[in-house]
Amino acid sequence: MRKPAASLLLLTISTVLATGCAERVKNYGRFIEPGKLEDIKVGETTEDQVMDSLGSPTATGTFDANKWYYIGQKMGYRSIRAPELLEREVVVITFNTDKVVSDIKHLDAADGEEVNLIEQETPTSGKTLGFFEQLIGNVGRFAGSKQQ
């Protein structure tokens, strides 16, 4: 009787371990369909035609609204390890003042730079609230206040 139970337990554990090591892939943003970018011609294609062909951009330029960014990223996730960048594509389309395409740039992961985040916090003055103080801190705070 013990041998089938042990075999079943071993099979269950090995199945869980095997599926835990399987890589999951997630897409973020939008990748431009193959062949669509060839329809965009510098000096000919208008902003409306780009919108019809590629759809709305992922982002527009913060300081230059004449730049449209189409950004797609594919990440691989495997068990508890950090996510791995599998593919990145950034297409930057620049328009002139007449809303006609003046430049197209195609960038990939090799063109990017790694940015290290700073984990510091800015200290603030005042009291640090505990969990329960935050939970009930505003109860009755706004009720019944009269303006004179």
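The values are calculated or read from the model by the stated rules, or taken from the named source; none is laboratory data. These numbers were taken from a predicted model, which means no experiment stands behind them. Here the Cβ positions follow ideal geometry from the backbone for every residue, glycine too, while neighbour counts run over all protein chains shown.
Condition test on Glu23, is it within 14 Å of Val101 (Cβ to Cβ) and in contact (Cβ under 8 Å) with a residue 12 or more places away in the chain?
Working: within 14 Å of Val101 (Cβ to Cβ): no; in contact (Cβ under 8 Å) with a residue 12 or more places away in the chain: yes.
Here the answer is no, as Glu23 does not meet what is asked.
Looking across region 60-78 at every residue that is within 12 Å of Ile32 (Cα to Cα) and hydroxyl-bearing (Ser, Thr, Tyr), the one that is surrounded by the fewest Cβ atoms within 10 Å (Cβ to Cβ) is identified as Tyr69.
Being of a type in the set (D, E, K, R) and more than 24 Å from Tyr28 (Cα to Cα) is true for just one of Asp52, Asp103, Asp108. Which residue is that? Result: Asp103 is the single residue among Asp52, Asp103, Asp108 that is of a type in the set (D, E, K, R) and more than 24 Å from Tyr28 (Cα to Cα).
Selection of region 78-102 for residues being hydrophobic (A, V, I, L, M, F, W, C) and more than 30 Å from Thr45 (Cα to Cα) yields Ile80, Ala82, Leu85, Leu86.
For region 26-55, a residue qualifies if it is under 22 Å from the mean Cα position of the chain (by Cα) and exposed (fewer than 11 other Cβ atoms within 10 Å of the Cβ), and the qualifying residues are Glu33, Pro34. Taken over region 94-148, the residue count meeting the criterion of being of a type in the set (Phe, Trp, Tyr) and at pLDDT 80 or above is 1. In region 103-130, the qualifying residues are those that are among the charged types (D, E, K, R) and in a strand (DSSP E or B), and the one that is nearest to Thr45 (Cα to Cα) is Asp103. Residues that are farther than 28 Å from Gly29 by Cβ and touching a Leu at 6+ places or on another chain (Cβ under 9 Å) occur in region 128-148; there is at least one.
Table: residues versus (1) of a type in the set (A, V, I, L, M); (2) within 30 Å of Glu23 (Cβ to Cβ); (3) more than 21 Å from the chain's Cα centre (by Cα).
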site	(1), (2), (3)
Pro83	no, yes, no
Ile93	yes, no, no
Val101	yes, no, yes
Ile104	yes, no, yes
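Residue check: Arg81 meets all listed conditions (1) surrounded by 10 or more Cβ atoms within 10 Å (Cβ to Cβ); (2) under 30 Å from Glu113 (Cα atoms); (3) at pLDDT 85 or above but one, namely (3). Within the option set Val42, Val50, being touching a strand residue (DSSP E or B) at 6+ places or on another chain (Cβ under 8 Å) and either at pLDDT 95 or above or assigned to a helix (DSSP H, G or I) (or both) holds for one residue only, Val50. Taking first residues from region 36-62 that are on the phi > 0 side of the Ramachandran plot and partners that are of a type in the set (A, V, I, L, M, F, W, C) and at pLDDT 90 or above, the Cβ contacts under 8 Å between residues at least 6 apart in sequence or on separate chains come to Gly43/Val100; Gly43/Val101.
Of all residues in region 65-81, which are touching a strand residue (DSSP E or B) at 6+ places or on another chain (Cβ under 8 Å) and free of Cβ contacts under 8 Å to residues at least 12 places away in the same chain? First the steps, then the outcome.
Going through region 65-81, the residues touching a strand residue (DSSP E or B) at 6+ places or on another chain (Cβ under 8 Å) turn out to be 66-78.
If the condition is that a residue be touching a strand residue (DSSP E or B) at 6+ places or on another chain (Cβ under 8 Å) and free of Cβ contacts under 8 Å to residues at least 12 places away in the same chain, then no residue fits.
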